[in-house]
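To start, I am sharing the structure in question, which I have written as C-alpha cells.
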C-alpha cells in the first residue's frame, strides 16, 4: 500500500517537474524563434514601404496627359 | 406453442438483467443531457446511443466473438474452449478469465475457434477495436484539433505557457488522490488506473481516451464519460473557483493588445514543438506529432484542402465512431460499480485543482510583472477545454469591467493547456505504461 502511495508521489513530482521543464524550454525556443523571424524577416516594413513610395511616385511622375484625361472625365461626369 | 415459447425465451424482456436495464436508463440520461441540455452533444449523442446498444440483451454488440460464444455455449463448446486455452475448468467465468489473461497467440487461437463455431465479434466491439484499441481515433481527432488551433495568441505571449503547465497540477494531484483512496482501502485502483483517471483533470477528451486505452482500458467508459461531462460543465464548475481566488481589482485588469504574428512564425512553431518533443519526450510523440501535423497543414497555406478535411469531414466521421466505441464500454458489468463513482468524484476534483492552480500561477506572474499587466482570470483557461474555458475567462472579465475583452488573451493559456496535458500524458505513459 505504502509502495503505491510513494509511486504516486514520485509520479507527481517527476510529472509536474517534467511538464514545467518542457514548457519552459518551449517558451525559450518560441521566444528565440520569434526573435530570429523578426530579425531576418521584418514583416510589417516591406508592406509599408511600397505604399509610401508608390504614392508620391504617381503624384510626381504621373503624366500631365493622364491628369488632363481624368479632369476631362470628371467634368463630363459632372455636367 | 413451442415456437411461441422460443420467441419468448429469445426476447429482450425475458433476458434483460437489472444491470442492463440500469445502463439503458443511463444511456437515455446521457441522450437527454445532450439533446435537451446541450451538454457536448457531438459526443454524448453517439456515446449515449452506443451505451444503449451495448446493453441490448442477447445481441452481444459490445462483446468479442469468444465472449459471445461463451455466453451461448453448450457444454461441449465450453470444453473445446478449455482445451484451446489449456485449462481444465469448463466454468464460463474461468474460461473468460483465461481468455482475457492469455498471450496474444492463444488469444488469436481462441478467437479463431469461436469463428469456426459461427460466432463473431459484435459490431460495437469491432468499432472499438478499430477506433480506440488501435489508438487511431483519438489521434485523428487530435490532428483535427491541431488544424483548428490558432497559436497566434500563444506566440504573441509565450509566457502564457506557464499557465498551461500550472493547470496540469490537477492531473497529478488526482493521481495522488486515487492512490490515496486505494491506500485507505476505499477503492481499488492500480497506479495505471490512477494515472488514467488523473488525465480527466487535463480536460481534454481525446487525450483522456488515448491514455485510458493504453493504461486502463477497463475504466475507459467511465473516464470518457466523466471527461466529456465535466468539459460540458466548465461554465458551471470554474466561475465559483475563479471568483473565490481573485479580487475585484484583479478581475478589472485590462491587458494590452497582442502583437501581430507573422505567417513564418506560425509555420515554424509546430515544427519547433515537434523537434522539442522528438528530443525530450518521444512518448508524447503520437499525440503532439499529430497535433503539430494538423497545425502545420493549417498554417502552411498550401494544403488548404487537407486542412479543411482534417478539421471538418474527417473529425466528424471519427467522432461518430469514437462515440459509439466509448458507448460500447458502458456495459453493465464494467460501469456499475464503486469505481465509476470514485472516477466521477476524482474527475471533478482534478478539474477544480487544475483551475485553481492556473489562477494562482497567473496571480504570481502578475505580481512578478508589477501587478497590473496580467489578469488572473486567464489562468483558469490553462486547463484545456478549448475554447470553453477561454470563453468563461472572457465572460468573468466582462462582468468585472465591461471594456475588458480577455478572449484572445485566454486563448494563449488555453492552447498551452492542450500542449501541457499532452506532455503530462506522455510522462504518464512513460512512467507507468
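The values are calculated or read from the model by the stated rules, or taken from the named source; none is laboratory data. Note that the structure is a prediction, hence the values are computed from the model and not measured. Virtual Cβ from ideal backbone geometry, glycine too; neighbours counted across all protein chains shown.
Of everything in the stretch B:223-272 that's within 14 Å of chain A (Cβ to nearest Cβ) and buried (at least 21 other Cβ atoms within 10 Å of the Cβ), which residue is farthest from residue A:25 (Cα to Cα)?
For the stretch B:223-272, the residue satisfying everything is B:265.
Return a yes/no flag: does the stretch B:336-359 have any residue that is away from chain A (no Cβ under 14 Å), assigned to a loop (DSSP other than H, G, I, E, B), surrounded by fewer than 18 Cβ atoms within 10 Å (Cβ to Cβ) and free of Cβ contacts under 8 Å to residues at least 40 places away in the same chain.
The answer is yes; a qualifying residue exists.
Here is a check on your reading of the model: is residue B:269 within 26 Å of residue B:420 (Cα to Cα), more than 18 Å from the chain's Cα centre (by Cα) and assigned to a helix (DSSP H, G or I)?
Criteria met by residue B:269.
Is at least one residue of the stretch B:395-411 in contact (Cβ under 8 Å) with a residue 60 or more places away in the chain and under 21 Å from the mean Cα position of the chain (by Cα)?
yes
Moving on. Look at residue B:118 and say whether it is without any contact (Cβ under 8 Å) to a residue 24 or more places away in the chain and at positive phi.
yes
Could you tell me which residue of the stretch B:387-433 is farthest from the other protein chains (Cβ to nearest Cβ), considering only residues that are over 30 Å from residue A:8 (Cβ atoms) and not in a helix (DSSP H, G or I)?
Among those that are over 30 Å from residue A:8 (Cβ atoms) and not in a helix (DSSP H, G or I), it is B:402.
Against the condition within 14 Å of chain A (Cβ to nearest Cβ), within 25 Å of the chain's Cα centre (by Cα), surrounded by fewer than 24 Cβ atoms within 10 Å (Cβ to Cβ) and outside any loop (DSSP other than H, G, I, E, B), how does residue B:160 come out, does it pass? I'd like the intermediate steps shown before the answer.
Values: within 14 Å of chain A (Cβ to nearest Cβ): yes; within 25 Å of the chain's Cα centre (by Cα): yes; surrounded by fewer than 24 Cβ atoms within 10 Å (Cβ to Cβ): no; outside any loop (DSSP other than H, G, I, E, B): yes.
In short, no.
Additional query: Could you list all residues from the stretch A:22-37 that are more than 8 Å from chain B (Cβ to nearest Cβ) and either closer than 18 Å to residue B:163 by Cα or not in a helix (DSSP H, G or I) (or both)? Working first, answer last.
If we filter the stretch A:22-37 for residues that are more than 8 Å from chain B (Cβ to nearest Cβ), which is where we start, we get A:28, A:32, A:35-36.
Hit for the stretch A:22-37 is A:28, nothing else.
May I pose another question? Here are B:422, B:390, B:416: which of them is under 18 Å from residue B:151 (Cβ atoms), surrounded by 24 or more Cβ atoms within 10 Å (Cβ to Cβ) and without any contact (Cβ under 8 Å) to a residue 40 or more places away in the chain?
One residue alone meets the criteria, B:390.
Given the criterion farther than 23 Å from residue B:223 by Cα, modelled with pLDDT under 90 and in the same structural domain as residue B:196 (by TED's automatic domain parsing), identify the matching residue among B:394, B:372. Even if it seems obvious, please write down each step before you answer.
Working: B:394 fails: modelled with pLDDT under 90.
Every option except B:372 fails the conditions.
Here's the yes/no breakdown for (1) part of a loop (DSSP other than H, G, I, E, B); (2) closer than 21 Å to residue B:11 by Cα; (3) within 32 Å of the chain's Cα centre (by Cα):
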position: B:71; (1), (2), (3): no, yes, yes
position: B:76; (1), (2), (3): no, no, no
position: B:80; (1), (2), (3): no, no, no
position: B:89; (1), (2), (3): yes, no, no
position: B:108; (1), (2), (3): no, no, yes
position: B:127; (1), (2), (3): no, no, yes
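Can you tell me which residues in the stretch B:1-40 are exposed (fewer than 12 other Cβ atoms within 10 Å of the Cβ) and part of a loop (DSSP other than H, G, I, E, B)?
B:1, B:10, B:36, B:37, B:38
Do you know which residues across the stretch B:294-303 are in contact (Cβ under 8 Å) with a residue 24 or more places away in the chain and touching a helix residue (DSSP H, G or I) at 6+ places or on another chain (Cβ under 6 Å)?
Across the stretch B:294-303, the qualifying residues are B:294, B:295, B:296, B:297, B:298, B:299, B:300.
Just a yes or no: is a residue in the stretch B:170-181 without any contact (Cβ under 8 Å) to a residue 24 or more places away in the chain, crowded, with 23+ Cβ neighbours inside 10 Å and away from chain A (no Cβ under 14 Å)?
No, the stretch B:170-181 has no match at all.
Just a yes or no: is a residue in the stretch B:183-191 within 9 Å of another protein chain (Cβ to nearest Cβ), without any contact (Cβ under 8 Å) to a residue 12 or more places away in the chain, on the phi < 0 side of the Ramachandran plot and assigned to a helix (DSSP H, G or I)?
yes
Can you name the condition, by its number, that residue B:61 falls short on among (1) in contact with a helix residue (DSSP H, G or I) (Cβ under 7 Å, 6 or more places away or on another chain); (2) crowded, with 19+ Cβ neighbours inside 10 Å; (3) in a helix (DSSP H, G or I)?
Of (1) in contact with a helix residue (DSSP H, G or I) (Cβ under 7 Å, 6 or more places away or on another chain); (2) crowded, with 19+ Cβ neighbours inside 10 Å; (3) in a helix (DSSP H, G or I), only one is false for residue B:61: (3).
Please determine whether any residue of the stretch B:370-377 is surrounded by fewer than 24 Cβ atoms within 10 Å (Cβ to Cβ) and free of Cβ contacts under 8 Å to residues at least 12 places away in the same chain. Before you say what the answer is, go through the steps one by one.
To start, the set of residues in the stretch B:370-377 that are surrounded by fewer than 24 Cβ atoms within 10 Å (Cβ to Cβ) comprises B:370-373.
Those still in the list that are free of Cβ contacts under 8 Å to residues at least 12 places away in the same chain too: B:370-371.
Looking for residues that are surrounded by fewer than 24 Cβ atoms within 10 Å (Cβ to Cβ) and free of Cβ contacts under 8 Å to residues at least 12 places away in the same chain, one finds at least one in the stretch B:370-377, hence yes.
Filter the stretch B:288-314 for residues that are at pLDDT below 95 and buried (at least 20 other Cβ atoms within 10 Å of the Cβ) and give the result.
Hit for the stretch B:288-314 is B:311, nothing else.
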